[in-house]
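First the structure, in the form of structure tokens, and then the observations on it.
The values are calculated or read from the model by the stated rules, or taken from the named source; none is laboratory data. If you're wondering where the values come from, they're calculated on a predicted model, not measured in any experiment. We work out accessible area using only protein heavy atoms, side chains counted, and drop any ligands, DNA or RNA first. Shrake-Rupley method; radii C 1.70, N 1.55, O 1.52, S 1.80 Å.
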Amino acid sequence: MYSIFQGKSFLKELDFNQAELNNLIDFAAHLKHLKQQNIQHHYLAGKNIALLFEKTSTRTRAAFTTAAIDLGAHPEFLGKNDIQLGKKESVADTAKVLGSMFDGIEFRGFSQAVVEDLAKYSGVPVWNGLTDDWHPTQMLADFLTIKEQFGTLENLTLAYVGDGRNNVANSLLITGAILGVNIHIVTPESLYPKEELIALAEKTAAQSGAKILITADIDEGVSGADVIYTDVWVSMGEEDNYQERIDLLLPYQVNQTLMNKTKNNKTIFLHCLPAFHDLNTEVALEIKEKYGLSEMEVTDEVFNAPYAHQFEQAENRMHTIKAVMAATLGNLFIPKA
Ligand code: CP
Ligand code: NVA
């Protein structure tokens, strides 16, 4: 039997079941070992990979590029201003053309419908590198990092503290529900995830045994948490909202006082990055000037604490993206779990 993943796209987490997501996470851990031992793994030799980016990226672009090269494939970056997509050519037409030349396509952008249409019309596997709705490749890296730290994904609770309705919050909610990891979304009521999403997470969690909690109460939300996770308060495309978000989310800043509220001495900190934890960026300096804040979603103290694992998490983007590309395009032998 050949891979259950062959030819499949990775558009959102719900397209995969618990066994499949675990399979990809464990395969990524194996590929990480091969990389560390300098053992070649050219599962995609001779393949061409298109990397479409409407939004900016450091980790996702770097991870797809290096993972493709390690797999023996050729990655080609096609930025927003370099191609006709959306301006002079429809998504469907672009997809047909790219699918005739490339063996796989990564897309990062605004609309989930675009990544779905690329998959529908290109005829090749399409991987979602982040949309306004979901960030599925991030999830594989996050849960690999958690598994590395705790040795298991069982009986764990992740509390996401911050903007409760962005792509990363949506993805954590659903992925935790699939994998059986308890998810707390700790956010002001006006930033609660959409009702349909909460219902979907609860339905999914009923099968895995995960517990879902959506709360504005910080003490309740972080109590006992094994993982405290945060993301930027203003996501790409929402840059007009700084004042509103700062007002809403300042009480939810991940600082040492909040970390102490977990009352769990094994709690780790994660962040998908990039993070506003100091004044060493242009945007942070602008925020400081306009709103007087030197740190936003996470303090420098927490970011640099021994329990913070965001850079291992970032490295894991590469190993997990490699697993997704190899599994969906490499004709590998991966028996049904
Ligand atoms: N975490 C993440 O997706 O980072 P980039 O925006 O740098 O790709
Ligand atoms: N929520 C963030 C994630 C960045 C990796 C954004 O969409 O900008």
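Measuring only protein heavy atoms, the 1.4 Å probe finds Asp217 accessible over about 70 Å².
Estimated from helices alone, the mean residue ellipticity of the chain at 222 nm is -13500 deg cm²/dmol (sum of -39500 (n - 2.57) over DSSP H runs with n ≥ 4, per residue).
Using only the alpha carbons of segment 14-164, what is the convex hull's orientation-averaged projected area in square nanometres?
If I average the Cα hull's projected area over directions, I get 10.2 nm².
Quick check: from the Cα gyration tensor, does segment 36-77 come out rounded (a/c under 1.5), prolate or oblate? Cα axes put segment 36-77 in the oblate bin. For segment 181-337, a Kirkwood hydrodynamic radius built from all Cα pairs, placed in the Stokes-Einstein relation at 4 °C and 1.567 mPa s, yields a translational diffusion coefficient of 73 µm²/s.
Ranking of Leu285, Leu156 by solvent-accessible surface, largest first: Leu285, Leu156 (1.4 Å probe, protein heavy atoms only, all chains present). Amide H contacts of Ala308 (H built 1.01 Å from N, in plane; Pro and chain starts excluded): Phe269 sit under 5 Å, all sequence-distant by 5 or more or on other chains. By definition, a body whose alpha carbon gyration tensor gives a ≥ b ≥ c is oblate when a/c is 1.5 or more and a/b is not larger than b/c, and segment 130-192 fits this oblate description.
What does the C-alpha gyration tensor say about the overall shape of segment 253-337? Classify as rounded when a/c is under 1.5, otherwise prolate if a/b is larger than b/c, or oblate. Oblate is the answer for segment 253-337, as a/c is 1.5 or above yet b/c matches or exceeds a/b. For the cross-link pairs Lys12/Lys88; Lys80/Lys266; Lys55/Lys211, which exceed 31 Å when the distance is taken from alpha carbon to alpha carbon? Where the Cα-Cα span goes over 31 Å, the pairs concerned are Lys80/Lys266; Lys55/Lys211. Using heavy atoms of the protein chains and a probe of 1.4 Å, the accessible area assigned to Thr215 is about 10 Å².
Each of Tyr229, Tyr307 has its accessible area taken with a 1.4 Å probe; listed largest first, they run Tyr307, Tyr229. Using heavy atoms of the protein chains and a probe of 1.4 Å, the accessible area assigned to Leu332 is about 20 Å².
Give the ranking of Trp127, Trp134 by solvent-accessible surface, highest area first, calculated with a 1.4 Å probe. Could the numbers behind the result be given before it?
Working: Trp127 0, Trp134 30 Å².
Output order, biggest surface exposure first: Trp134, Trp127.
What do you get when you divide the Cα radius of gyration of the chain by 2.2 N^0.38 Å, with N the number of residues?
Dividing the Cα Rg of the chain by 2.2 N^0.38 Å gives 0.97.
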